[in-house]
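The values are calculated or read from the model by the stated rules, or taken from the named source; none is laboratory data. Every value quoted in this text rests on a predicted model; they were computed, and no experiment measured them. Cβ placement follows ideal geometry from the backbone for every residue including glycine, while neighbour counts extend to all protein chains displayed.
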């Protein structure tokens, strides 16, 4: 057996992989609206992007192009997704304004939640729902809605 690390360097143990219709537009949106940084892109033989990796702090998000023949369809094609993202940010109110102004569709504005996070939710142009959170208080089981 080898002593090689079982995961690639710079990757987490769990790395979300989103299927999108347009990788270039998605990269542009996620950079402008959410502050992600493009880590790498992989073009196919025709020069079209087929894969990209984005970074946010110490997390990696992989993005791949839609491939109907492999039954890999984007949320926009499916008119929604059962998968959503929950991402912590430094200041949820400032983050919300930036993301909304960059074209994020507002689902819910910033609001304090009973579990101690202040959250807002936006939908990206690809149809995925993103909840952004900032922890502002300790969780108190007495605050659970009845």
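Give region 58-76 a look and list any residue that's assigned to a loop (DSSP other than H, G, I, E, B) and either modelled with pLDDT of 95 or more or under 12 Å from residue 18 (Cα atoms) (or both), or say none. Don't jump to the end; show me each part of the working.
As a first pass, look at region 58-76 and keep what is assigned to a loop (DSSP other than H, G, I, E, B): 58, 66, 71, 73-74.
Correct list: 66, 73, 74.
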Would you check which residues across region 77-115 are over 17 Å from residue 127 (Cβ atoms) and either modelled with pLDDT under 95 or part of a loop (DSSP other than H, G, I, E, B) (or both) and list them?
-> 89, 90, 91, 113, 114, 115
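A quick yes/no check of all residues on (1) more than 30 Å from residue 136 (Cα to Cα); (2) over 14 Å from the mean Cα position of the chain (by Cα):
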site	(1), (2)
48	yes, yes
54	no, no
72	yes, yes
94	no, yes
In this structure, does residue 129 turn out to be at pLDDT 95 or above, under 16 Å from residue 33 (Cα atoms) and either surrounded by 19 or more Cβ atoms within 10 Å (Cβ to Cβ) or touching a strand residue (DSSP E or B) at 6+ places or on another chain (Cβ under 6 Å) (or both)?
-> yes
Region 1-37, residues that are out of contact with any strand residue (DSSP E or B) (no Cβ under 8 Å at 6 or more places or on another chain), within 25 Å of residue 131 (Cβ to Cβ) and loosely packed, with under 13 Cβ neighbours inside 10 Å = 13, 14, 25
If you go through region 29-37 one residue at a time, do you hit one that is part of a strand (DSSP E or B) and either modelled with pLDDT under 95 or more than 15 Å from residue 103 (Cβ to Cβ) (or both)?
-> yes
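Have a look at 52, 74 and point out the one that is touching a helix residue (DSSP H, G or I) at 6+ places or on another chain (Cβ under 6 Å) and farther than 27 Å from residue 135 by Cβ. Walk me through it before giving the result.
Numbers: 74 fails: touching a helix residue (DSSP H, G or I) at 6+ places or on another chain (Cβ under 6 Å).
Just a single option satisfies the conditions, and that option is 52.
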